[in-house]
Each structure stands twice: as structure tokens, then as C-alpha cells.
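Report on one structure; see the data block that follows.
Bear in mind these aren't lab numbers, they're just calculated from the coordinates by the rules spelled out. Values in this document were obtained by computation on a predicted structure and should not be read as measured data. As a convention, Cβ positions derive from the backbone with ideal geometry for all residues, glycine included, and neighbour counts pool all protein chains shown.
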Amino acid sequence: MKITTFVLVFLAIGIIAAYFPIRLVHAQPDFNAFYGTPIPDSQIDGKIGDEWNDAGSCTNVPVAPSRNAEVWTKQDGTYLYIGLRFMADSSNPWVAFEFGPSTCMETNADGALFGDDNYSPNGYEDIYFTPPAGVTPDLIQDGKGAISVNASNFVTVELKKPLNCGDTAGHDINWTQGSTFMLRIAFDSEGGGSSGGSSNHANESQIARTILIDANTIPEFPASIVVIGTLSIAIPAILLAKRQKRANKFTT
């Protein structure tokens with residue numbers, strides 16, 4: 001293979017690798033709560049901003065029963081942070097998280113409820129699940145949360161929850177570093193604390209997803225750095241190959 005051809009192939013591989021990285025992982029969680037900077041209570045306001053830049057993020061996450069969402073997760077050693085954004089079918093939905101258990105709405109499972117007219121009409125309620133298919137607000141309201149719905153029914157939820165608050169009466173789980181937990185997300189707009197839409201959370205089972213409490217910060221190796229690095233090697237190599245070719249022509 002000629003030097004120029006080799007360099008061009010190397011350049012193409014470098015650019016492809018930058019934008020389509022190969023990740024060797026085992027049992028990768030659905031959500032990765034990387035270690036990041038704390039978010040003050042004042043920024044838990046139902047608006048996703050720069051405070052989420054160091055969080056793990058996912059798109060097209062199914063939210064039962066009928067929507068796809070963007071999800072952000074991170075932790076700072078003291079608090080777990082979860083951000084959620086999706087388009088609902090009404091201006092008055094509620095959103096619920098269930099933490100920890102392997103079955104849906106398991107008795108005494110830890111949870112969080114947002115925008116429910118009966119429990120949390122103005123925002124967030126720290127809850128646990130009770131039979132049959134009910135919820136109970138914790139006597140001690142740990143953490144801070146917010147929900148906002150704009151004129152286009154675009155829903156944004158933010159949650160700041162202690163990793164370990166010690167609230168055993170409220171069944172709050174202990175989120176330990178390096179461990180993976182279950183997380184379910186659902187919303188409702190058809191009644192029972194919500195209104196104006198046709199989405200009933202009971203019409204579809206909530207998919208259990210995994211969230212890792214990761215002690216590492218989010219990997220930062222932007223594609224642009226890979227491309228620049230590849231070009232910095234490839235371009236001089238091509239010029240050197242052409243110069244060598246001209247030199248060989250004059251010496252033969």
C-alpha cells in the first residue's frame with residue numbers, strides 16, 4: 001500500500017471513530033448517574049439548563065403509557081439528580097417515579113410524584129407505594145422537585161433526592177456508589193389527579209430500567225478533538241509522502 005493511500009485510510013478511520021465510537025461495555029445500565037457538580041435548590045425549577053451539562057443523558061426513553069422522553073441523571077456524593085422532558089397530551093398531567101423494586105408499584109417502594117392534583121398540585125411529593133395500587137406521602141419530605149408544563153404541553157421535571165437520608169419510615173432507599181437500582185417512569189392525563197388528556201398509566205406496564213450510581217465523572221473526549229488530532233497526523237504525513245515522491249523522481 002502506498003504511503004498516501006495508507007494515510008488517507010488512517011484519516012477516514014479516525015474521523016469515523018470520532019463520530020461512531022466503539023464502546024466495550026458489559027451489562028450497561030439504561031441510565032448512568034455520573035459524579036457531577038451539585039445543583040442548588042434554586043435551580044430545581046422545572047427548567048433544564050447548564051447545570052445538567054455534566055449529567056448522563058438519554059433520548060427516546062419510553063414513558064408509560066405513550067410518550068418518549070429525554071432523561072438526565074447524575075449525583076454529587078450527597079444527592080441524586082434526575083431530569084425529565086417530554087411532550088404530554090394535556091396541560092395537567094402527573095408524573096411518577098418508582099425507585100428500587102423489581103415489580104411495578106410494589107408495596108413500600110420508594111417514589112416521587114409530580115403535579116398530581118390530589119397530592120402535589122404545585123410540584124413534588126416524596127411518596128411510597130401502598131396497596132392496592134395507591135401512594136402515601138412521606139411524613140418527612142426529603143429532597144426537592146419541580147414540574148413545569150408550557151403552552152405546548154411540554155413537560156419538564158427535575159428531582160434532587162438525598163442518596164441516603166435515613167428515612168426508613170418513608171421507605172427511602174439508600175443509593176450507594178457503584179450500585180445499580182431499578183427506576184420506572186410513568187405519567188397520566190386521563191384522571192385521578194390529572195385531566196385533559198387520554199393517557200392512562202394503567203393501560204401499559206411501566207418498564208423497569210436500571211440506573212447506575214457512578215463514582216466517575218462523565219467521560220469527555222469530544223469528537224472534534226479526535227478529528228483535529230487525526231488531521232494533525234495525517235496532513236503532515238501526506239505532505240511528507242508527496243515531498244518524498246518528488247525527491248525520488250529527481251534522483252532516478
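Between Val63 and Asn68, Ala69, the built amide H atoms are under 5 Å apart, and every one of these is 5 or more places off in sequence or on another chain. Taking 13 Å as the straight-line reach from the Cα of Lys144, the aspartates and glutamates in range (excluding those fewer than 8 positions away in the same chain) are Asp41, Asp45, Glu125, Asp126, Glu158.
Scalar couplings 3J(HN,Hα) for segment 68-78, obtained by applying the Karplus form with A = 6.51, B = -1.76, C = 1.60 to θ = phi - 60°, are 10, 9, 9, 10, 10, 9, 7, 8, 10, x, 10 Hz; x denotes Gly and Pro. Relative contact order of segment 31-213, taken over Cα pairs closer than 8 Å and 6 or more residues apart, is 27 percent. The Cα-based radius of gyration of segment 31-213, divided by its Kirkwood radius, gives an Rg/Rh of 0.92. As a calculated quantity, the FRET efficiency between Ser198 and Ile140 at R0 = 30 Å, using C-beta atoms, amounts to about 0.25.
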